[in-house]
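Worksheet: one structure, shown below.
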Amino acid sequence: MKRILLISVAAIFTIFMGGCAHPINMKPDIGTVSALGAAKIDKAVGFHISDANLSLEVTTPGGGGDKVRYFPYRDIEAGFYKALTEVFTKVSKVANPKDMEAIKKSGITLLITPEITTTSSSPSPFTWPPTEFTVTLNCKIVDALGKDIAQVSATGVGKAEFSDFKSNFSLSAVRASEDALKQLIKKLAETKALSQ
């Protein structure tokens, strides 16, 4: 009996010391993703996010030795679409980026494929939500024939202290997503190769 109790205590201690991964999301508030009335580039563009990326779960550090887990591509997809509609006159999702003939027939002139990387951290030894979060969107852009046109990168930063996130543990991640999308809109609009 004593041996079982010791094993149980050791197991609980191991779990506690190892921390755990708390689920959060980084879904932006779509209403904040705006180009503030800037003129759009008159082009039809498509974007592709693979099913594998949509189901990809990422784990990064939180506070108190714990971690957070989330689905970056799934969470940001709607915001990414909204960001593109702020820059281009027509945007659609592309299921198969290798079917260049179908892409060309659809009228799409540019195909955008994002790669998302994230970081998170918190100096707090007592609370697990991250107080700092970054989201980087690296977008590869090709034309309807698959020729490289541009590589556009935008990084967003989100910060939240305990008084901010006590009612929303995902707040720093959400703010980072929103910032990254706003930066992406600006970078895309400024990339001359996309408007030629």
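The values are calculated or read from the model by the stated rules, or taken from the named source; none is laboratory data. For clarity, every value in this text was computed on a predicted model and none was experimentally measured. So basically every Cβ, Gly included, is an ideal-geometry build from the backbone, and we count neighbours across all protein chains shown. Side chains included, ligands, DNA and RNA excluded: accessible areas come from the protein's heavy atoms. Shrake-Rupley method; radii C 1.70, N 1.55, O 1.52, S 1.80 Å.
Descriptive notes on the structure:
- A residue that is more than 19 Å from C139 (Cα to Cα) and open to solvent by 30 Å² or more (accessible area, probe 1.4 Å) cannot be found anywhere in the range 74-93.
- The range 99-196 holds helices (runs of 4 or more DSSP H) entirely within its bounds, and those carrying 2 or more residues that are in contact (Cβ under 8 Å) with a residue 12 or more places away in the chain and open to solvent by less than 20 Å² (accessible area, probe 1.4 Å) map to 171-190.
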